[in-house]
Amino acid sequence: MILVTGAAGFIGANFVLDWFVERDEPVVNLDLLTYAGNLGNLASLRDDPRHVFVRGDIGDRTLVEGLLGRYRPRAIVNFAAESHVDRSIHGPAEFIATNVVGSFNLLDVAKAHWLALPDAEREAFRFLHVSTDEVYGSLGPGDPAFSETTPYAPNSPYSASKAASDHLVRAYHHTYGLPTLTSNCSNNYGPLQFPEKLIPLMIVNALAGKPLPVYGDGQNVRDWLYVGDHCSALRAVLDGGRPGETYNVGGNAEIRNLDVVHTLCRVLAECVPGRDFTQQIAFVKDRPGHDRRYAIDASKIRHELAWAPRETFATGLARTVRWYLDHRAWVDAVTSGEYQKWISLNYEAGASDPA
Ligand code: NAD
Ligand code: TYD
């Protein structure tokens, strides 16, 4: 079996759901169920004995030791994190606690467990750390895309905390020989994404007749990847990645934010005829320290592990919009309560006043 952390969140839940389509190997899911974690994401697995859910913190050493001892997973896949840049600007402390200290704890307990394994199990064991392209910082318009050798230059508390965890993973391989793998992926989108991130926020606001808040001039570029393609990349890295290596994962789909929003308005209008969602676009004050451009060179994973994305931005976005239209109850559930507090903090309390 494998231990997957943070699998009640967006990518982790997609990973586990896809995993069981492909394989029968059981999964222990360790998730703290923060605002971003939602067991409803895994409702279809409620009666599935292959999925064991444990609510808890990756920073809880006793808990993690107990899980490793009891289940003896052959691999750990670490998704658990605070993941939203804007939240890291308003409150970085939780990002340090989970992304840095929590990841350190997981690594350290994993190392002790791994060292005590019999030879064959020790040889086969893997620790896959799921990270982000944001650790590389911001690109200028003509700069080459991020490769695995691009120097780290994180700019937000979020990306700095992920960079710190990546360095710890590297050190645990280099110093102790722990068979680690690290993936650095570009922006994901798709079903189950919490509507604080650009694409689901725009879908939810558009349908509710609310403003579509574009930060700054809307010319920032992100490299978009459909979440199912990220999950297939992670399976490829887990299966065939070389211990100690890092793999960049991206969709080869660099798009400016304003173009993303216009495309989304067009796709939504095809599904909900008679509405012009572009009327709702509103330019708002920029995010502090906003990275201008991200782009991924995914040639290493393509060549070494024969991975390539299946979805284009057009096909992935159409699937995503359809999913949100078909899952209004999910949207209603996650946008009640705490969510409203976040929206007023980030968009109404001065951070995003109209430019
Ligand atoms: P998410 O915020 O949707 O989910 C994070 C999950 O981690 C939640 O279920 C939450 O409850 C859980 N969690 C948080 N703190 C925890 C703790 N201390 N112990 C146990 N569980 C905890 O995030 P996501 O978008 O699914 O991202 C997953 C991972 O992928 C993160 O590590 C993120 O840095 C990385 N990543 C995300 C993207 C993206 O575009 N979303 C891109 C590249 C990499
Ligand atoms: P986001 O989804 O938060 O991902 P990240 O910051 O990790 O790349 O944002 C994607 C881009 O969209 C980023 O350039 C910021 C921008 N953005 C907006 O313009 N408006 C918004 O309301 C949000 C949430 C993001």
If only one of V135, V169, V130, V100 is touching a Ser or Thr at 6+ places or on another chain (Cβ under 7 Å), in contact (Cβ under 8 Å) with a residue 24 or more places away in the chain and in a strand (DSSP E or B), which one is it? V130
Pull out all pairs, ordered by first then second residue, where Cβ-Cβ is under 8 Å, the residues are six or more apart or on different chains, the first lies in the stretch 232-250 and is closer than 14 Å to T180 by Cβ, and the second is small (G, A, S) and assigned to a helix (DSSP H, G or I). Y247/A233
Residues (part of a loop (DSSP other than H, G, I, E, B), more than 16 Å from ligand 2 (Cβ to nearest atom) and buried (at least 23 other Cβ atoms within 10 Å of the Cβ)) located in the stretch 7-31: A7, A8
Selection within the stretch 185-213 - within 21 Å of the chain's Cα centre (by Cα), assigned to a strand (DSSP E or B) and near ligand 2 (Cβ under 10 Å from one of its atoms): N187, N188, Y189
Number of the exception - L128 against (1) more than 24 Å from G289 (Cβ to Cβ); (2) open to solvent by 10 Å² or more (accessible area, probe 1.4 Å); (3) in contact with a strand residue (DSSP E or B) (Cβ under 7 Å, 6 or more places away or on another chain); (4) within 12 Å of ligand 1 (Cβ to nearest atom): (2)
Considering only the stretch 188-195, I want to know if a residue exists there that is modelled with pLDDT of 95 or more and away from ligand 1 (no atom under 12 Å from the Cβ). no
Please count how many residues of the stretch 107-148 are farther than 25 Å from V221 by Cα and over 18 Å from the mean Cα position of the chain (by Cα). 20
Are there strands (runs of 3 or more DSSP E) fully within the stretch 231-315 with at least 2 residues that are within 13 Å of ligand 2 (Cβ to nearest atom)? List them. 254-256, 281-284
Restricting attention to the stretch 138-158, and to residues there that are in contact (Cβ under 8 Å) with a residue 12 or more places away in the chain and among the polar types (S, T, N, Q), which single residue is surrounded by the most Cβ atoms within 10 Å (Cβ to Cβ)? S156
Return a yes/no flag: does the stretch 266-277 have any residue that is within 16 Å of ligand 1 (Cβ to nearest atom) and open to solvent by 30 Å² or more (accessible area, probe 1.4 Å). no
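Results for (1) farther than 30 Å from Y215 by Cα; (2) among the basic types (K, R); (3) open to solvent by 10 Å² or more (accessible area, probe 1.4 Å); (4) more than 10 Å from ligand 1 (Cβ to nearest atom), shown as yes or no for each residue.
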site: L39; (1), (2), (3), (4): yes, no, yes, no
site: S44; (1), (2), (3), (4): yes, no, yes, yes
site: V52; (1), (2), (3), (4): yes, no, yes, yes
site: T62; (1), (2), (3), (4): yes, no, yes, yes
site: P92; (1), (2), (3), (4): no, no, yes, yes
Is it the case that some residue within the stretch 294-304 is more than 30 Å from G177 (Cβ to Cβ) and in contact (Cβ under 8 Å) with a residue 40 or more places away in the chain? yes
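The values are calculated or read from the model by the stated rules, or taken from the named source; none is laboratory data. The shown structure was predicted, so the numbers you read here are calculated from the model rather than taken from an experiment. FYI the Cβ positions are ideal-geometry reconstructions off the backbone, even for glycines, and counts take in every protein chain you see. Ligands, DNA and RNA are excluded from the accessible area calculation, which covers all protein heavy atoms including side chains. Shrake-Rupley method; radii C 1.70, N 1.55, O 1.52, S 1.80 Å.
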